[in-house]
Amino acid sequence: MKNEQAKKYGMVIDLDKCTGCGACMVACMAENNVPFKKDETNKLDSITWMRVFQLTNGKSFPETDICYIPRPCMHCEGEHGHSPCVSVCPATATDYSQQTGIVSQIYTRCFGCRYCMAACPYHARYFNWWDPVWPNGMEKYLNPNVSPRMRGVVEKCSFCFHRYQRAMEKAFLEGRRELEEEEYQTACTQACPAGAIVFGDLNNEKHKIHQIVNPDPAHRGRPKNPKAFRLLERLGTNPKVYYLSSREWVRRAGDNYLPHEGSGKGH
Amino acid sequence: MKMDRRSFLSFVIGGAAGTTLSPLPWKLTDDLAIWSQNWPWTPVPEKGEVSYANTTCMLCPGGCGITVRKVGDRAVKIEGTKGHPVNNGGICILGLSGLQLLYGPTRVPSPLRRTGERGENRWQKVSWDEALAWVAEKLADLRGKRLSHTVACISGTDGGTVPRLMERFLTAFGSPNFIRTPSMRDSYEMTLHLMQGAQASIGFDIENADFIVSFGSGILEGWGSPVRMFRANSVWKENGVKVVQIEPRLSNTAAKSDKWLPIHPGTEGALALGLAHVILKESLYRKDFVGTHTSGFDRWSKEVVEEWTPEQVETVTGIDKSTIVDLAKSFANAKKPLAICGRGKGNTAGGIGEFMAVHSLNALMGNINRKGGVWAVPGSDHIHWPEVEMDAVASAGMQQTRIDGAGTDKFMHARHLLHRVPEMINAGDPSLVQALFVLDANPYYTLSDKALLKKAWAKIPFILSFSSFMDETAQNADLILPNHMYLERYEDVPYAEGFNKPFIGLAKPVVSPQFDTLHTGDAILRLAKALGDPVEKAFPWEDYEGCLDDTFGDQWEELQEIGYRVESDFEPGSRNTAFETASRKFEFIPEESKDAAKNVMVKAEGEEPAYPLVLIPYDSPRLASGFIGDPPFMIKTVPDTVLKENDLLVEVHPKTAQSLGISEGKPAVLKTPKGEARVRVHLFEGIMPGLVAMPTGLGHQAYDGYLAGKGINFNDLIGPVEDEVSGLDAAWGIRAKLSRV
């Protein structure tokens, strides 16, 4: 790994552009063989690696406003890779990669204790209460790059890690050790019809995400861009998913504040 | 050895302790976990060579280019085609779910002939030869009785080769009854025809507009070509283009707009004229354009100035008069302002008065056929087939009045009036429709006034669906002749809705047909053959592909390779030639529809006090509400504030709910003059008090267990409201009553 600078893949989602259409959710389900049931209206057991939530400013008609916020796995770095879920996993089924900054999930190691689900402050992890069942014939569209999960394991967004692997394999075959920005993009980024999602290496100054977010290494990657924020910044989870919004109330909704606290930014 | 109590206990306890300390239990637990995770019923997707195939999506009229990722011969993922003129790499939620339709259980596996009662869903598989022979026999019988005009076709689209083959078939056979399903296309076509004399599709140069006023158009719900609109919205955000959304509910579009103006539903046309009033009064209109290129301006402006003062418009619309004045000024002061209409996704027609009022705003700003404005885009001209030679039966049939009355003296400018058909069928005895074909449409679900529709349906002796999927119409047909679905077939897509350039997309087979289906183009050709001359000789092609090859001529190969054809340097006609009205000018008050301006608002059906509230529909990008139903992926994304188990939630303002004594999530009965449904209530601050909003696209009875039985079909609760001037269905809502249970 000598020639290789460590990557820190991250995502920035522009909430001014996000329309709440849900294409990212379906792109993710299609790419990652996420199963579905006849009734998916109990959202606690509805597996959605990427999920679009609706925020509201709490005001009454006609001042009320809503904003959609897509929530993948935040791929928290915590301090030196001690993300909340990685710290509690007794089976090392989830791990923080120092090479890519991606929090992995290894289904065959997971034995379903769900500590990680309790630890994750973003509800980004889902448990397979049932074996996945595809209607007769529908297995045909399953993607061979992602293994379907079985009953009893936890799953979550992987930043489409299999796409990273494929891109790296291709690069290695061509004698390269580095990827171009567009060679590795997640399914949701690629699909978003509004172009609201930007994905790339936060450590690489040439990548769009770095330029948009301008992470501050002295403060655990907190964005210097005043429009940018992270969810629950004050927990210190150091997430790699950033959001942009021009609306103060949206930025403020990204964290918990006491009534007397004024700022929409973390501290 | 003697076994006493003490040694027995030592043995058991020692053994237990020994086993616990050994790796055995851990190994067993681990093995058990591994075994349980390798149950053979968890599928392992087959590997194979990866390839990509480009085609055109046909799930809505958007005309997007899609790239299908294949592994071996399996299609595994649909993505947007980079560089495509319409969607450039983007894709919508429905387009992404296409493979669930391809491989899903909703496909019709072979020709099916009904064995039980209609709608019972009991079928018998029949061979294609048998099925086609049966249809041909029925048709020959009708033709023999000189009843050729009683054959009708309801089609979701027109202009492409397949609907045109169907239309041609009907012509040669002797029926004028090719009827397209309603959408805002009807009203915009008529607007262009009346005001500009153009036979054209509407195109919006939205990317170049710099101020958008949308009269309820769901720019981010699926209006126009959805991905293109989403992309344009992002460009607007980057460039600071202002969007003002006028509608009674805080939709996705309203939430993303710069200003949301809640308005009393159905009064949008009045607001448009109110804005025009201010622009005229303050003399903010483009005099160069209005002076040289328009006609009837003086009369129209006099009427508008007299009748639509901000005070009056405030009373009607509920929008503050100072807001009206401000909006009119901002609109008029923008360089390239654009006014658009067509509610929600544009799946309904709407009143012509409203469309003309909104279009007049564009005319006032001279924003017609120029950059950032509204363009009249000529229809695709790729089909040049020889005239049909009609025999006596065909000519007699073609001279009959259309069942829907379109083109008659009363509805001179309407081309398709599907909502009138059930009423007409019920009025005649025997039914005016003896055989009904349904192509790329699901009228049994999408038509309103279900009581009337069901009565009419029962009177039609023979119903044939060409659907690839077991939708409501197919389920209630007598025979299904399943088409290849769009990923399995060739077909030209003759336009992309709202696109401002002439465009033809080509759908190409990316996988081989998965079932015993037949291209509807081929089915039509084979039917014509079976009927013999004179119908047969109208179709000089061996098969459908031969027809396509012949139609596109020397451009066929290029079209196949690129997948679309676009006139990227298309400019709308110069103004001196663009208006083909009698005056060669833009008509503010077209002679043929003088009363349209007086008819800018259409009243909702139902009266107070029996129905104190107003029910309006709302569209969502996550709910397909056209002829395709939600695939499992999409229905999964529907929030639990819209659908909870099988219950649909209607949106009501907390104050309205309080006055009715209903709280969040509680059941209620929703009653309209057309129907009644049990719903649950979701309290929402983003809806005007006094209204009830209901999502469209739910309440399917057909398709699969992932969709059927979930929620209520909005079309079951509403009926058409005919616009007196145009004949189009202008219903935008209906009066309703909500009561707790």
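The values are calculated or read from the model by the stated rules, or taken from the named source; none is laboratory data. Just so we're clear, the structure is a prediction, and the values are computed from it rather than from any experiment. Methodologically, a virtual Cβ is constructed for each residue, glycine included, from the backbone with ideal geometry; neighbour enumeration extends over all protein chains shown. To get the accessible areas, we keep the full protein, side chains included, count just its heavy atoms, and leave off ligands, DNA and RNA. Shrake-Rupley method; radii C 1.70, N 1.55, O 1.52, S 1.80 Å.
Just to check your reading of the model, which residue among A:S97, A:S104, A:S87, A:S147 is polar (S, T, N, Q), under 21 Å from A:R51 (Cβ atoms) and surrounded by fewer than 21 Cβ atoms within 10 Å (Cβ to Cβ)?
Unique residue meeting the criteria: A:S104.
Specify the residue that is nearest to B:K70 (Cα to Cα); the eligible residues are those in region B:1-49 that are touching a residue at least 12 places away in the same chain (Cβ under 8 Å) and open to solvent by 100 Å² or more (accessible area, probe 1.4 Å).
Only one residue tops the list, namely B:E49.
Give B:A172, B:A140, B:A133 a once-over and let me know the one that is among the hydrophobic types (A, V, I, L, M, F, W, C) and open to solvent by less than 10 Å² (accessible area, probe 1.4 Å).
B:A172
Condition first: at the interface with chain A (Cβ under 10 Å from one of its Cβ atoms), open to solvent by 30 Å² or more (accessible area, probe 1.4 Å) and either out of contact with any Pro (no Cβ under 9 Å at 6 or more places or on another chain) or on the phi > 0 side of the Ramachandran plot (or both). Now tell me which residues in region B:231-274 satisfy that.
Of everything in region B:231-274, those that are at the interface with chain A (Cβ under 10 Å from one of its Cβ atoms), open to solvent by 30 Å² or more (accessible area, probe 1.4 Å) and either out of contact with any Pro (no Cβ under 9 Å at 6 or more places or on another chain) or on the phi > 0 side of the Ramachandran plot (or both) turn out to be B:V235, B:K237, B:E238.
Could you tell me whether B:A702 is free of Cβ contacts under 8 Å to residues at least 60 places away in the same chain, under 30 Å from A:P135 (Cα atoms) and either part of a loop (DSSP other than H, G, I, E, B) or not aromatic (F, W, Y) (or both)? Full working, then the answer.
On the way: free of Cβ contacts under 8 Å to residues at least 60 places away in the same chain: no; under 30 Å from A:P135 (Cα atoms): yes; either part of a loop (DSSP other than H, G, I, E, B) or not aromatic (F, W, Y) (or both): yes.
No.
Only residues in region A:20-34 that are farther than 21 Å from A:K140 by Cα and within 7 Å of chain B (Cβ to nearest Cβ) count as the first member; pair them with residues that are hydroxyl-bearing (S, T, Y) and open to solvent by less than 10 Å² (accessible area, probe 1.4 Å), Cβ under 6 angstrom, at least 6 apart or cross-chain, and list the lot.
A:G22/B:T637
Report those strands (runs of 3 or more DSSP E) wholly inside region B:100-175 carrying at least 2 residues which are at positive phi.
Details: elements: B:112-114, B:123-125, B:151-155.
Strands (runs of 3 or more DSSP E) meeting the threshold: none at all.
Run down A:P193, A:P215 and say which single residue is farther than 26 Å from A:C28 by Cα, buried (at least 16 other Cβ atoms within 10 Å of the Cβ) and not acidic (D, E).
Selected residue: A:P215, the only one of A:P193, A:P215 that is farther than 26 Å from A:C28 by Cα, buried (at least 16 other Cβ atoms within 10 Å of the Cβ) and not acidic (D, E).
Among (1) within 14 Å of chain B (Cβ to nearest Cβ); (2) open to solvent by less than 40 Å² (accessible area, probe 1.4 Å); (3) more than 19 Å from the chain's Cα centre (by Cα), there is one condition A:E139 misses while meeting the rest; what is its number?
So the condition that A:E139 fails would be (2).
If only one of B:D630, B:D704, B:D647 is under 21 Å from A:F53 (Cβ atoms) and not assigned by TED's automatic domain parsing to the domain that holds B:L250, which one is it?
Going through B:D630, B:D704, B:D647 in turn, just one is under 21 Å from A:F53 (Cβ atoms) and not assigned by TED's automatic domain parsing to the domain that holds B:L250: B:D630.
Considering B:G18, B:G65, which residue is out of contact with any helix residue (DSSP H, G or I) (no Cβ under 7 Å at 6 or more places or on another chain), under 30 Å from A:F111 (Cβ atoms), more than 11 Å from chain A (Cβ to nearest Cβ) and of a type outside the set (A, V, I, L, M, F, W, C)?
Exactly one of B:G18, B:G65 is out of contact with any helix residue (DSSP H, G or I) (no Cβ under 7 Å at 6 or more places or on another chain), under 30 Å from A:F111 (Cβ atoms), more than 11 Å from chain A (Cβ to nearest Cβ) and of a type outside the set (A, V, I, L, M, F, W, C), namely B:G18.
For region B:720-735, how many residues meet the condition of being open to solvent by less than 10 Å² (accessible area, probe 1.4 Å) and more than 18 Å from the chain's Cα centre (by Cα)?
Total satisfying the criteria: 4.
What single numbered condition from (1) under 26 Å from B:E306 (Cβ atoms); (2) more than 10 Å from chain A (Cβ to nearest Cβ); (3) open to solvent by 10 Å² or more (accessible area, probe 1.4 Å) fails to hold for B:D210?
Among (1) under 26 Å from B:E306 (Cβ atoms); (2) more than 10 Å from chain A (Cβ to nearest Cβ); (3) open to solvent by 10 Å² or more (accessible area, probe 1.4 Å), B:D210 violates only (1).
Tally time: how many residues in region A:64-98 are closer than 28 Å to A:A23 by Cα, part of a loop (DSSP other than H, G, I, E, B) and within 14 Å of another protein chain (Cβ to nearest Cβ)?
2
Could you list all residues from region A:164-185 that are part of a helix (DSSP H, G or I), free of Cβ contacts under 8 Å to residues at least 40 places away in the same chain and more than 16 Å from A:N203 (Cα to Cα)?
Across region A:164-185, the qualifying residues are A:Q165, A:R166, A:A167, A:M168, A:E169, A:K170, A:A171, A:F172, A:L173, A:E183.
For region B:698-708, give me the residue count where each residue is within 13 Å of another protein chain (Cβ to nearest Cβ) and either within 16 Å of the chain's Cα centre (by Cα) or under 30 Å from B:P262 (Cα atoms) (or both).
Applying the first criterion (within 13 Å of another protein chain (Cβ to nearest Cβ)) to region B:698-708 yields B:698, B:703-708.
Add one more test, that the residue is either within 16 Å of the chain's Cα centre (by Cα) or under 30 Å from B:P262 (Cα atoms) (or both), and what stays is B:698.
Summing the residues that are within 13 Å of another protein chain (Cβ to nearest Cβ) and either within 16 Å of the chain's Cα centre (by Cα) or under 30 Å from B:P262 (Cα atoms) (or both) in region B:698-708 gives 1.
Kindly evaluate B:E79 against the criterion of being within 21 Å of B:D630 (Cα to Cα) and acidic (D, E).
Numbers: within 21 Å of B:D630 (Cα to Cα): yes; acidic (D, E): yes.
It is true that B:E79 is within 21 Å of B:D630 (Cα to Cα) and acidic (D, E).
Pick out the one residue from B:A496, B:A507 that is touching a Ser or Thr at 6+ places or on another chain (Cβ under 7 Å), at pLDDT 95 or above and buried (at least 19 other Cβ atoms within 10 Å of the Cβ).
B:A507
So which of B:T56, B:T81 ends up being open to solvent by 10 Å² or more (accessible area, probe 1.4 Å) and either closer than 22 Å to B:M634 by Cβ or within 22 Å of the chain's Cα centre (by Cα) (or both)?
Just one listed residue meets the conditions, B:T81.
Report whether or not A:K37 is within 9 Å of chain B (Cβ to nearest Cβ), touching a residue at least 24 places away in the same chain (Cβ under 8 Å) and over 18 Å from the mean Cα position of the chain (by Cα).
Here the answer is yes, as A:K37 does meet what is asked.
Among the residues that make up region B:640-655, is at least one of them away from chain A (no Cβ under 11 Å), at pLDDT 95 or above and surrounded by fewer than 16 Cβ atoms within 10 Å (Cβ to Cβ)?
Looking through region B:640-655, none of the residues is away from chain A (no Cβ under 11 Å), at pLDDT 95 or above and surrounded by fewer than 16 Cβ atoms within 10 Å (Cβ to Cβ).
Any idea how many residues of region B:657-667 are open to solvent by 10 Å² or more (accessible area, probe 1.4 Å) and part of a helix (DSSP H, G or I)?
Result for region B:657-667: 3.
Report the residue count in region B:355-383 for those that are in a strand (DSSP E or B) and among the β-branched types (V, I, T).
Counting residues in region B:355-383 that are in a strand (DSSP E or B) and among the β-branched types (V, I, T) gives 3.
Determine the pairs where a residue that is in the same structural domain as B:S465 (by TED's automatic domain parsing), located within region B:117-133, has a partner that is open to solvent by 50 Å² or more (accessible area, probe 1.4 Å) and aliphatic (A, V, I, L, M) with Cβ atoms under 9 Å apart, the partner being 6 or more residues away or on another chain.
From region B:117-133, the pairs are B:R118/B:A458; B:L132/B:A530; B:A133/B:A530.
Out of all the residues in region B:550-571, is one or more buried (at least 23 other Cβ atoms within 10 Å of the Cβ) and not charged (D, E, K, R)? Can you show your working first?
Of region B:550-571, the ones buried (at least 23 other Cβ atoms within 10 Å of the Cβ) are none.
No, region B:550-571 has no match at all.
Within the group B:V76, B:V68, B:V12, B:V86, which residue is part of a loop (DSSP other than H, G, I, E, B) and of a type in the set (A, V, I, L, M, F, W, C)? Talk me through it step by step, then tell me what you get.
Values: B:V76 fails: part of a loop (DSSP other than H, G, I, E, B); B:V68 fails: part of a loop (DSSP other than H, G, I, E, B); B:V12 fails: part of a loop (DSSP other than H, G, I, E, B).
Exactly one of B:V76, B:V68, B:V12, B:V86 is part of a loop (DSSP other than H, G, I, E, B) and of a type in the set (A, V, I, L, M, F, W, C), namely B:V86.
Quick one: count up the residues across region B:384-437 that are aliphatic (A, V, I, L, M), under 29 Å from the mean Cα position of the chain (by Cα), assigned to a loop (DSSP other than H, G, I, E, B) and buried (at least 17 other Cβ atoms within 10 Å of the Cβ).
Number satisfying all stated conditions: 6.
Is it true that some residue in region A:4-13 is closer than 30 Å to A:D216 by Cβ, open to solvent by 20 Å² or more (accessible area, probe 1.4 Å), assigned to a loop (DSSP other than H, G, I, E, B) and facing chain B (nearest Cβ under 9 Å)?
no
Looking at region A:101-117, which of its residues are in contact with an Asp or Glu (Cβ under 9 Å, 6 or more places away or on another chain) and hydroxyl-bearing (S, T, Y)?
Result: A:S104, A:Y107.
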